[in-house]
Amino acid sequence: NPSHLDHPPFVRFPPFDTMGGASSFLAMLCIAGFLTCAWLATKISRAAGISSIVLEITTGVVLGPSVLGVVTPNYAECAYSRHHDCTVPSNAEALALAGESLGEELDELLHEGHCSVSTYLHADVSHATEDSHSTETAEDSHATTTTVDPHATTTTVDPHAATTAAATDSVADDHSTATATESTGHRRLSSSGVTYKSFTECLEKTCAAEVSHHCQLTPDFFTLIGHTGVAMMLFESGMHFDFEKAGQVGPKACVVAVVGTILPLISGSILTMFYGKPFMPDGVSVGTALAPTSVGIALRLLGEAKVLQQDFGQAIITAAFVDDILSLVLFNVLFSLTGEFHVMTVVVYPIVGIVFMLVAMAAAVKFWPNFINNVIMSRIPETNSKVSKKDEVLFLIMMILLVVYATFTYILGTHLWGCFIAGMSFACIDKHHWAHHVWVKQTKRATSWMIRIFFAATVAFSIPVGKLLSIEAFLKGSLMGIGPCITSKVLCALFMGPSRFVIGWAMVGRAEFAYLIAQMAAAANMIDDATFSIVIWALLYATIFAPFIFRKVLDRYVEQYCKEDIIRAESEGTVESPHEEYLER
């Protein structure tokens, strides 16, 4: 009964439905229970000294709509998908030819010209004509002198099909469109430029794409919160970019970042094609999802080992940040490739974004420190309140710049790019990280909960549990995880001397951005459920194993090469640790 989807399993009994009358208390209770379990998953993971991502996702999968149903589809799916049915009738072609309704959603697609049944019929007629002609030619070829009967060029086709096709409007344009794609075995039945094998497939995929588009514009409650958390985390990550230290180790670190981005992209795309999926968009989507590196894990372990100021430590942090920047560029290009090729969206917009990023980075070093410290703050009076006026003004400037930069890069392809660039603008404001302290003081708990919800709800609810737990998905995901996800990162710093494997394993870690790309690619129908499950398994491999192996490799390297430097730095009081507020997440 579809109405059962409105209630979780343990509150479907009549006594619970009738007691207390119509009330939202049960829904409140379920959501509170879910959030409590997600919070406990985070705390248990931290007590065990492991990444909380795995347990948070597991909690969301178990308590989500697919298993126990504590959180119902009413809160886990966008309203547009719940109220629009993309089921195609088995006799869709006959109904379309007869002018009868296929359903409100499918009728609207036909009315807008997305799928054309006449194109499908003419493509069939063309194939039938070619098959008949080739058969007759083959029969005549047994003669010593090949003679083609003039009457053989007139191929007999099913009268009903021929008559129906002739009676269909706009056949000339549709026939030419079908002919243009016959050589590939597909027919261009959609106005978006995508080719499909049949009229039914065109309706199914186009309707699903339409639903996906609307759901990205107006997502469900948990997805909206999760995506907001990722945007805020990227802004905070940008504030940790150290321009001075990046200049010292920049060239080699940039090479590590480029190799560490390209290798997962290429190897992930190739393996996806080996699994039987096309290069575009499936292969590129998978490769892009495997590309980002988590700087948080490396930052924590380097700080604990007291080697953050070592050259290899700065190379790791710089390479991880540059890797994130390159991944944002890839992300922007990836979601510009949906549909037909457009020079503006695929070529011009990314170039404009890169130029904008370079200008914004120059402003972060030369303009913003002077403007904020000497022009703005010099006019703000000192106060003794808990939150000073200067802190409030700085926070307001950060929010304004975040919105402005994110809006600009949203026009270019993705708002996340602008979030990171906006954060970088405050990296040089003060040597004591005043801007970061103000941001964390105002947003720390909110961002922590949003990131927790991102993994426990946004990612977990979108996972197709049946396919994720299949042997095929596990085996393919294991191969994807060990190969393109882990090994390609480990090998990205082979030219860095004795620290090559320390840097390589530091680049293996994955966090929210990688999962976001996979989730958004699945939501945009750029990868199917089976491929999405494979990517999730691959990312989980990196999430689980990277911290443990990196710690062991790092400890061995520090013991062999850095012990004396650490003792000297401690005696001079120059050991610097990463900010605790950032590491808590």
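The values are calculated or read from the model by the stated rules, or taken from the named source; none is laboratory data. None of the values given here were measured: they were computed from a predicted structure. Don't worry about glycine lacking a Cβ; one is built from the backbone with ideal geometry, like all the others, and counts go over all protein chains shown. Surface accessibility is based on the protein's heavy atoms, side chains included, excluding ligands, DNA and RNA. Shrake-Rupley method; radii C 1.70, N 1.55, O 1.52, S 1.80 Å.
Before moving on, here are some points about what is shown:
- Accessible area in the full protein assembly, largest first, 1.4 Å probe, for SER425, SER385: SER385, SER425
- Accessible-area composition of region 431-531, carbon plus sulfur, in percent [1.4 Å probe]: 65 percent
- Rg and Dmax [Cα atoms of region 36-122; Å; Rg one decimal, Dmax integer]: 22.1, 66
- Kirkwood-type hydrodynamic radius, region 460-557: 14.1 Å, calculated from all non-identical alpha-carbon pairs.
- Where labels lie 7 Å past Cα in the beta-carbon direction, separation of THR228 and TRP449 in nm: 1.0 nm
- Annotation for ASP242 and GLU104: the two label points, set 7 Å from Cα along the Cα-Cβ direction, are 5.9 nm apart.
- Distance from the alpha carbon centroid of region 479-526 to that of region 211-288 works out to 10 angstrom.
- Ordered from highest to lowest accessible area with the whole protein assembly present and a 1.4 Å probe, ILE380, ILE325 read as ILE380, ILE325.
- For region 223-270, the solvent-accessible area works out to 37 Å² per residue, with a probe of 1.4 Å and every protein chain left in place.
- Only Cα pairs under 8 Å and 6+ residues apart enter the sum, and on that basis the relative contact order of region 374-514 stands at 12 percent.
- Ranking ARG556, ARG82 from most to least accessible surface, computed with a 1.4 Å probe over the protein chains only, gives ARG556, ARG82.
- Net charge of Cβ neighbours under 14 Å - reference PHE420; Lys, Arg +1; Asp, Glu -1: -4
- Where labels lie 7 Å past Cα in the beta-carbon direction, separation of ASP311 and ILE266 in nm: 2.7 nm
- If the segment from ILE376 to ASP430 were pulled out straight at 0.36 nm per residue, it would be longer than the present Cα-Cα gap by 18.0 nm.
- Normalised per residue, the volume of the convex hull around the Cα set of region 398-498 (Å³): 198 Å³
- For region 351-410, the per residue solvent-accessible surface stands at 62 Å², with DNA, RNA and ligands left out and a 1.4 Å probe.
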